[in-house]
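To start, the structure itself, in structure tokens.
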Amino acid sequence: MKKLLSFLRAKWRLFKFRRKNRSLAVDLSLIIVLSGIGFVSVWPLLFIINAAFKPISEIFLFPPRLFVQNPTLNNFFDLGVIISKSNVIFARYVFNTVVITFLGTGGTVLFGSMAAFPLAKYKFPGSKLMSSTIVYSLMFNGTVTAIPNYIIMTKLHLVDTYWAIVLPVVGGTFGLYLMQNFIVQVPTELIESAKMDGYKELGIFFKIIMPLSKPAWITLIILSFQSLWGTTGGTFIYSENLKPVSYMLSQIIAGGIARTGTASAVALIMMAVPITVFVISSNVLETMATSGLKG
Amino acid sequence: MGRQQVLSKPSDNKKYKLTVKEVWKQHKEKYLLILPFFILFFVFTFIPVVTSIVLSFTSFNLFEFPKFVGLDNYINLIAFDSVFLIAVKNTLLFAIVTGPISYLLCFMLAWIINELPPKVRAVMTLVFYAPSISGGAYMIWKLIFSSDAYGFANAFLLKMGLIQSPMLWFETKENIMPILIVVQLWLSIGVSFLAFIAGFQNVDKSLYEAGSVDGVKNRWQELWFITLPQMKSQLMFGAVMQITGSLSVSGISIDLVGFPSVDYAGHTILTHLYDYGNLRYEMGYACAIATILFFMMLFINIIVQKLLRKVAA
């Protein structure tokens, strides 16, 4: 009993590692609230993971069960068979997605942050107009702009290329708006002193702004990756060998009720990739945050 | 002419004499930094948006050249389209409930998580972010609220003996809105949540130490006096995201309750837009809907920003 208590106390110190001014009661109640909401939140995650390993007999079980009883890899084998029969080899779809995601995410982070810096930190002719145009265009719905966009793409001969997906994403205002809101917080004194040292805006951007807004652009990488990973190409890419992997997988799911098992395997794969990126990025973020403290 | 006269005033010389060339010389690097983004923004966001607004004054079926009809689309929408009014009512109700709640929820969760040790923090962030990480994860709710006895909710209630026959969740008018609100709340711990988490990480840690020397007693005071003022811009960002997000609900409505929903109970402005844009190909009308939504968001946004500024100040 004593051992347990001291163990608990040691664990408790882990929670209170940061500061002393925390009351135990509030800590406890907040943790209860957190786990309550977390329980509701994590449910789909558990469901998708379990469903992927369910044999057919359990998928259609009544009453339905959340947890799998006799896990099997059959769903993945079935998926493998379907993939191997595809006309365009699977690796090509993966390659397409990698290129689109890489260009789109890289472009959003780089161009978005580059433009966000002057808009957040300086006043110059046109800066206010540009800022407000950018925020306001966040509020216009994409369904109707798809048609003018398609016409522009046709005129620029970009339809059925990767650029048809990548360029509108990079030219979207979300990334810039996110970066702008973080870069505003970079202390102006730092920028001033860098200016004294002879740095121009471009130098300040790479030497000061980017390192100091790491949490922001890592968040942006996560969000941007996630949306690009899910893109199916829609009407903008019609050549089968340029289609991304999520399109191919969604076609497999469209096979109806007989593909229910395969579909749950697909759902797991579609979710596993962004989660992996998320975990890696947030790990990078954590190590940077702690190393930043020491430095 | 007026400007010319001002220019000749000696006292204002410095302010107004800047020619394009001088502006360029002074701010060259700033413009160059913005340029790559701005070209893409202009071509792929700005022009399409302006085109859509122009198209909202036309009748356009995608095959023939748009025909100018003046304000007809807007008049029809507001005066004669009773379904649109239902959509506006639903959307506003939806936004008023989900917007503020999910905003507070995102902030609160991010704040509690921020207190945890790094490893636990990473896991918890993932747990809360899980619903929005996979695009179609909300389809699970279709299984939960499936109207036969195979649905989780029905199976559970039947087993408990609370109901005798399966509930028709998505087929009953009264159930649709509450279910959509629950799903949206569950789904909405997304972009603003991550932005808040990053915002908390961005707060200068030395401020907390300085604060505790200055007599900040507990976490509430710390939140109010130190953290909140430091996170003003993230709070603004989150607000804009919540407003646009909660007013542009359509996917979950179409996928969960079907389109059109029973008695238009799940009909929102965007499903109305989907109807005219993607099913009827009345693009002029669809563009008018988008433009009205745009101005609604703008209006709400200005009000909320004013409110937030007051709170923050």
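Tabulated data for the structure shown
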read-out: Residue-averaged beta-carbon neighbours from other chains (10 angstrom radius) around A:208-214; value: 1
read-out: Nitroxide proxy distance, nm - points 7 Å out along Cα→Cβ at B:Leu307 and B:Ile163; value: 3.4
read-out: Span from the segment A:30-107 Cα centroid across to the segment B:232-303 one, whole angstrom; value: 29
read-out: GNM result for chain A, Cα springs below 10 Å: residue of A:Gly198, A:Gly106, A:Gly261 fluctuating most strongly; value: A:Gly198
read-out: Heavy-atom accessible surface of the protein assembly as shown: percent carbon and sulfur, 1.4 Å; value: 69
read-out: Unit charges on C-beta of K, R, D, E only; dipole of the protein assembly as shown, Debye; value: 2320
read-out: Derived scalar couplings ³J(HN,Hα) [segment A:118-127; Karplus, 6.51 cos²θ - 1.76 cosθ + 1.60; whole Hz; x for Gly, Pro]; value: x, 5, 7, 10, 10, 10, 8, x, x, 5
read-out: Positive-end extreme of charge dipole, segment A:133-202 - chosen from A:Thr188, A:Pro148, A:Ser137 (charges on Cβ); value: A:Pro148
read-out: For B:Ser59, distant residues with modelled amide H under 5 Å away; value: B:Lys67, B:Phe68, B:Val69
read-out: Sites matching trypsin sites (Lys or Arg not before Pro) across segment A:110-206 that sit in DSSP coil, with at most 15 neighbouring C-beta atoms within 10 Å; value: A:Lys123, A:Lys200
read-out: For chain A, built as a Gaussian network whose Cα springs stay under 10 Å, the top-fluctuating residue of A:Gln226, A:Gln180, A:Gln69; value: A:Gln69
read-out: Rounded if a/c under 1.5, otherwise prolate or oblate - chain B, Cα gyration tensor axes; value: oblate
read-out: Global geometry of segment B:103-209, whether rounded, prolate or oblate, following the gyration tensor of its Cα atoms and the 1.5 cut on a/c; value: prolate
read-out: Nearest-0.05 FRET efficiency for A:Phe206 and A:Phe39, computed from C-beta distance (R0 45 Å); value: 0.55
read-out: For segment B:45-61, 3J(HN,Hα) per residue [Karplus equation, 6.51 cos²θ - 1.76 cosθ + 1.60, θ = phi - 60°, Hz, x = Gly/Pro]; value: 10, 5, 4, x, 5, 4, 4, 4, 5, 4, 4, 5, 9, 10, 9, 9, 10
read-out: Over chain B, relative contact order from alpha-carbon pairs under 8 Å, at least 6 apart, %; value: 26
read-out: Positive dipole terminus of the protein assembly as shown, leading residue within B:Cys106, B:Ile197, A:Ser41 (C-beta point charges); value: B:Ile197
read-out: Label-point separation, A:Lys3 to A:Thr235 (7 Å along Cα→Cβ), nm; value: 7.0
read-out: Probe 1.4 Å, protein heavy atoms only - accessible area per residue of segment B:40-164 in square angstrom; value: 49
read-out: Relative contact order computed over chain A (Cα-Cα under 8 Å; 6+ residues apart), in percent; value: 26
read-out: Within segment B:176-219: backbone nitrogen closer than 17 Å to the B:Val97 label point (7 Å, Cα to C-beta); value: B:176-189
read-out: Extreme residue, positive dipole direction of segment B:164-313, given options B:Asn218, B:Phe259, B:Leu180 (C-beta unit charges); value: B:Asn218
read-out: Summed buried accessible area for A+B [probe radius 1.4 Å, Å², rounded to 100]; value: 8400
read-out: The protein assembly as shown shape via C-alpha gyration tensor axes, a/c threshold 1.5; value: oblate
read-out: Rg(Cα) / (2.2 N^0.38 Å) computed for chain A, rounded to two decimals; value: 1.28
read-out: Sites B:Thr172 and B:Gln26 - FRET efficiency at Förster radius 56 Å, r taken between beta-carbons, to 0.05; value: 0.30
read-out: Residue of B:Lys30, B:Lys217, B:Lys89 that the Gaussian network model of chain B assigns the largest fluctuation, springs spanning Cα pairs under 10 Å; value: B:Lys30
read-out: Ranked packing of A:31-37, B:156-162, B:273-279, B:200-206, most packed first, by mean Cβ within 10 Å; value: B:273-279, B:200-206, A:31-37, B:156-162
read-out: Shielding by partners - mean other protein chain Cβ count within 10 Å, residues of A:128-137; value: 3
read-out: Derived scalar couplings ³J(HN,Hα) [segment A:30-47; Karplus, 6.51 cos²θ - 1.76 cosθ + 1.60; whole Hz; x for Gly, Pro]; value: 5, 5, 5, 4, 4, 6, x, 5, x, 4, 5, 5, 7, 3, x, 4, 4, 4
read-out: Heavy-atom accessible area order for A:Val166, A:Val94, largest first, 1.4 Å probe; value: A:Val94, A:Val166
read-out: For chain A: accessible area per residue (Å², 1.4 Å); value: 50
read-out: Förster radius 56 Å - calculated FRET efficiency between B:Phe68 and A:Tyr199, Cβ distance, rounded to 0.05; value: 0.60
read-out: Exercise: per-residue mean of other protein chain Cβ atoms within 10 Å, B:115-122; value: 6
read-out: Probe 1.4 Å, all protein chains present, accessible-area order of A:Tyr136, A:Tyr238, A:Tyr122, largest first; value: A:Tyr238, A:Tyr136, A:Tyr122
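The values are calculated or read from the model by the stated rules, or taken from the named source; none is laboratory data. Here the structure is a predicted model, which means the values were calculated and not measured. Positions of Cβ are backbone-derived with ideal geometry, glycine not excepted, and every protein chain shown enters the neighbour counts. All accessible areas refer to the heavy atoms of the entire protein, side chains included, with ligands and DNA or RNA removed. Shrake-Rupley method; radii C 1.70, N 1.55, O 1.52, S 1.80 Å.
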